Amino acid sequence: TDQYQGHDYFDMDDLLSDEHKLVRETARAWVKKEMSPIIEEYFEKGTFPRQVIPGMADIGAFGPYIPEEYGGAGLDQISYGIIMQELERCDSGLRSTSSVQSSLVMYPIWKYGNEEQRKKYLPKLATGEHIGSFGLTEPDHGSNPGGMVTNFKDAGDHYVLNGAKMWISNSPFCDIAVVWAKNEEGRIHGLIVERGMEGFTTPETHGKWSLRASNTGELVFDNVKVPKENLLPNKSGLGAPLGCLDSARYGIAWGAIGAALDCYDSALRYSKERIQFGRPIAGFQLQQKKLAEMITEITKAQLLTFRLGQLRNEGRATSAQISMAKRNNVAMALDIAREARQIHGAMGITNEYPIMRHMMNLESVITYEGTHDIHLLITGLDITGESAFT
Ligand code: TGC
Ligand code: FAD
């Protein structure tokens, strides 16, 4: 990880602006100095290194594309993707913290909130003074969030919220949570729930073998009184949380390339250094096949994802295009992690190399933000017009 230089087989750099390159260098230098030296330690401890939060804010990892008037970095979608790629080249858990804060907490407040809510919450989220979480998944409703049972009732001057969310990134230490719940008519709305509200607890989920450098937990609501001004007024229905997922899934498509690049980079270097039968293993055809296929798949993903970024900059990327990219790139990264592990032989199972950590992390990434299966079915629906979900 320390010696990483970047791999750009089709001169994609020609397509980047000076600003994109500056964003990348800034993020890369920060990751190298502040994160790479400590990531294995925190992964083993099973916790997120919260001391790096201000540094993440400095490189624009909290709200990269949120306008500067609300504290965001005001960058375009390609820069957003580049930051995600550099973070996930280090660790998917690090990228997760950024994805949740930016696309699942700041984005809905920016897009679905009113001006008072934007001014109240966004600047503190942009600096990392406040950390947010996003509650959509429930114990009995994962791929099918529309079936959620978490609900709120009108109690005059406030709402009363009941239910529980599960598998929530950053829940154990979040200051606020954007929570999706049904009103008395069964319509889904977003509510901002704040730590300290009576009846709101965030128990941590232990025993994860994946995404260990990210804290995951529940959001439990036991008759929580939520002020009426905490309801996001400008969009409701399942399309509201799904709109946030579009933005996060796009970032994951870039991020997964980062994890793949780190595995490839490590495998390529190892194969040139490791001598067996009197020659570097890089000279054996079977190892070349693995490495050549890795860089081919990475390059295809880079092209797909850059084009998706252009479409998003123009505001015309479809949800189905985002699903295809998320699905393809995460599966690609996981395949590369498995092959890279083999190239490292026994060394590949240790924490001397980042491979197993990426591989374990990617098992979460291929499940969250819509599973590999669900994204295939979204493509299936898009091309046939027939829904296979129900
Ligand atoms: P369906 O009937 O298809 O759609 C309901 C309404 O939503 C609209 N819609 C979208 N709107 C915006 N963006 C999208 N991507 C949208 N997809 C659909 C749709 O037009 C409709 O609108 P309306 O006005 O007609 O009501 O809904 P369905 O119940 O059949 O479900 C569709 C399905 C399965 C694709 C969807 O529910 C889904 O994507 N499931 C996967 C769940 C998921 O991704 N959960 C992620 C939880 S968050 C998370 O994992 C964070 S990890 C973060 C980290 O740590 O990095
Ligand atoms: P299920 O929906 O129970 O799926 C189980 C299996 O069935 C999967 O293989 C799935 O593909 C398959 N399946 C389901 N439906 C179909 C179908 N119609 N056709 C074919 N196959 C199907 N959620 C949040 O809201 N916020 C977060 O911050 C968050 N962070 C997470 C962090 C981590 C580390 C993890 C692991 C998860 C996180 N999630 C979060 C939850 C995540 O989004 C869900 O795990 C995911 O949506 C899948 O739901 P599930 O686990 O209940 O699986």
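The values are calculated or read from the model by the stated rules, or taken from the named source; none is laboratory data. A quick note: this is a predicted structure, and the numbers were derived from the prediction, not measured. Virtual Cβ from ideal backbone geometry, glycine too; neighbours counted across all protein chains shown.
Brief remarks follow.
- Out of 128, 156, 135, sole residue that is away from ligand 2 (no atom under 16 Å from the Cβ), under 28 Å from residue 213 (Cα atoms) and of a type in the set (Gly, Ala, Ser): 128
- Checking every residue in region 112-119 against the condition of being over 17 Å from residue 243 (Cβ atoms) and buried (at least 21 other Cβ atoms within 10 Å of the Cβ) gives zero matches.
- Count of region 1-55 residues which are closer than 24 Å to residue 294 by Cα and aromatic (Phe, Trp, Tyr): 3
- Output for region 349-378, where each listed residue is buried (at least 16 other Cβ atoms within 10 Å of the Cβ) and near ligand 1 (Cβ under 10 Å from one of its atoms): 364, 365, 367, 368, 369, 370, 374, 375, 377, 378
- Taking helices (runs of 4 or more DSSP H) as the structural unit, those lying wholly within region 287-390 and holding at least 1 residues that are at pLDDT 95 or above and under 19 Å from residue 89 (Cβ atoms) correspond to 319-343, 355-365.
- Residues of region 196-255 that turn out to be on the phi > 0 side of the Ramachandran plot and either within 16 Å of ligand 1 (Cβ to nearest atom) or assigned to a helix (DSSP H, G or I) (or both), as a count: 2
- Members of region 347-389 found to be within 8 Å of ligand 2 (Cβ to nearest atom) and either over 30 Å from residue 38 (Cβ atoms) or touching a strand residue (DSSP E or B) at 6+ places or on another chain (Cβ under 6 Å) (or both), listed by number: 370, 371, 372, 373, 374, 377, 388, 389
- Among the residues of region 125-175, those that are buried (at least 20 other Cβ atoms within 10 Å of the Cβ) and of a type in the set (D, E, K, R) comprise 138, 165.
- Note on region 116-186: enclosed strands (runs of 3 or more DSSP E) holding 3 or more residues that are in contact (Cβ under 8 Å) with a residue 24 or more places away in the chain and away from ligand 1 (no atom under 14 Å from the Cβ) are 151-154, 158-169.
- Filter result (within 24 Å of the chain's Cα centre (by Cα) and among the basic types (Lys, Arg)) within region 219-269: 235, 249
- Answer from 334, 308 - the residue that is in contact with a Leu (Cβ under 6 Å, 6 or more places away or on another chain) and crowded, with 20+ Cβ neighbours inside 10 Å: 334
- Single unsatisfied condition, residue 333 versus (1) within 14 Å of ligand 2 (Cβ to nearest atom); (2) touching a residue at least 24 places away in the same chain (Cβ under 8 Å): (1)
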